[in-house]
1. How many residues, within the range 153-175, are assigned to a helix (DSSP H, G or I), surrounded by 22 or more Cβ atoms within 10 Å (Cβ to Cβ) and not small (Gly, Ala, Ser)?
2. If Gly337 satisfies all but one of (1) in contact with a strand residue (DSSP E or B) (Cβ under 9 Å, 6 or more places away or on another chain); (2) surrounded by fewer than 19 Cβ atoms within 10 Å (Cβ to Cβ), what's the number of the condition it fails?
3. Given the residues Glu65, Glu150, which is the only one that is assigned to a loop (DSSP other than H, G, I, E, B) and either within 27 Å of Thr201 (Cα to Cα) or acidic (Asp, Glu) (or both)?
4. Taking the range 213-223, which residues are under 17 Å from His251 (Cα atoms), buried (at least 21 other Cβ atoms within 10 Å of the Cβ) and not aliphatic (A, V, I, L, M)?
5. Among Ile73, Ile54, which is more than 17 Å from Arg177 (Cα to Cα), in the same structural domain as Glu150 (by TED's automatic domain parsing) and outside any helix (DSSP H, G or I)?
6. Enumerate the pairs (first residue in the range 108-127 and not assigned by TED's automatic domain parsing to the domain that holds Asp144; second residue anywhere and part of a loop (DSSP other than H, G, I, E, B)) with beta-carbon separation below 7 Å, excluding pairs fewer than 6 apart on the same chain, so at least 6 apart or on different chains.
7. Restricting attention to the range 176-224, which residues are part of a loop (DSSP other than H, G, I, E, B) and within 23 Å of Ala41 (Cα to Cα)?
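The values are calculated or read from the model by the stated rules, or taken from the named source; none is laboratory data. Quantities reported herein were computed from a predicted structural model and do not represent experimental measurements. Positions of Cβ are backbone-derived with ideal geometry, glycine not excepted, and every protein chain shown enters the neighbour counts.
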Amino acid sequence: MKKLIAFICVLPLIFSAVAASAAGFSDVAAGEWYYNSVTYAADNGIVSGKGGGIFDPEGTLSVAEAVKLACGIYARKNSLELPEQSGDNWYDAYFAFAAEHGFIAERPENPDAPIAREMFASFINAANGEFTARNKIADSGIRDVATDSEYAAAIYTLYRAGVLTGSDEYGRFFPERTLTRAEACEIIMRVLIPSVRKTVTAQAAYNPADIFKLCADAVFSIETFDEEGYSIRTGSGFFISSNGLAVTNLHVLQYAHSAIITTTDGNEYELLGVAAYSADNNVAIMQIDGSGFNWLPITSSDDAKAGQEVYSIGNPLGLDSTISRGIISFVGREEGGRTFLQFTASISQGSGGGALVDSKGYVIGITSSSYNAGSLLNLATPSKFITELIPGELTALTELVHAPNY
């Protein structure tokens, strides 16, 4: 997937006139990737500068500015005039216009705050209305946008329409990051001129280096402690949301009164409790005290096939961020009344609770155990046992002390 800000190399005829006209901003030079989009948005009255002939293309877009841009799209699509500024603040008239026409129902809080990409996508999608899909993006096809998140529907719509294409070579959107004023103009141009929208082709598989880059910093080490503060064991875990939801094997937490996780950057975070768990399947969903984490999307283990390439990522013998490549050697291995994926990627003590990912970097299992008298005979808890759990109120680790052996 190409970057969101990639320069448009083939422009429609409409820009022959636009490119010739001056944007009117001293800091928007011809030849910059955003020149055409800023000029188009300015010439059509959708954006304005900051005074003194300055546009500030690399400046951060605010919530209020985003509302104004959404109003500009709605007005242009419906042949309406934008309201004149009135009220105590310059943006009051735009908030009122958006509410009147129902595409932004609630007045956003903190209008001067930087807007997150995900909220901007929701504003733009609502203001434009229907889009024609040109890209086949499967649910969960945008690896950092969970399909059940608040803004997922809008983001997926814009990807499928070719308005958004991602912000890195992996097509990630980085929904919680801010947006520049120039990036906003590029998006607006693609909304209003369908001919410049992008075709996106999903990557079929990634090489080991890309898998490591995508996934390693979403995996962490866990150290558990007893009631006197003595270390019990170490293991692995991985984030499944940016706000600290994470997964491990339940046995990693057994007998623990507290736990600390350490991310790949060396930072330590407290484990607040267990949001859901299954003793039958040896799975725990934890809540970590923190946010802004890289996280791993989950794929269905029901689709796993023998011979499929997989990667284990964890902390064997305390060696953090260790990746190993192998294949699924058997699907549905029964052991001790449980069902596992048998795989060949190397794991060792300390890998328990780590991520087993497929060739796209999606979690297909939780690395769990090995056969002692064998080579590369390893077992993973299928990912379906993660998705079956529904996080709820936190259970303290002390309440799991007498949980059954795993």
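1. 4
2. (1)
3. Glu150 is the lone residue from the list that is assigned to a loop (DSSP other than H, G, I, E, B) and either within 27 Å of Thr201 (Cα to Cα) or acidic (Asp, Glu) (or both).
4. Phe220, Ser221
5. Ile54
6. none
7. Result: Arg177, Leu179, Ile193, Arg197, Lys198, Thr199.
Conditions tested, residue by residue: (1) not aliphatic (A, V, I, L, M); (2) not assigned by TED's automatic domain parsing to the domain that holds Phe55.
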| residue | (1), (2) |
| --- | --- |
| Arg172 | yes, no |
| Pro175 | yes, no |
| Ala182 | no, no |
| Met189 | no, no |
| Ala218 | no, yes |
| Ser221 | yes, yes |
| Gly235 | yes, yes |
| Phe238 | yes, yes |
| Gly244 | yes, yes |
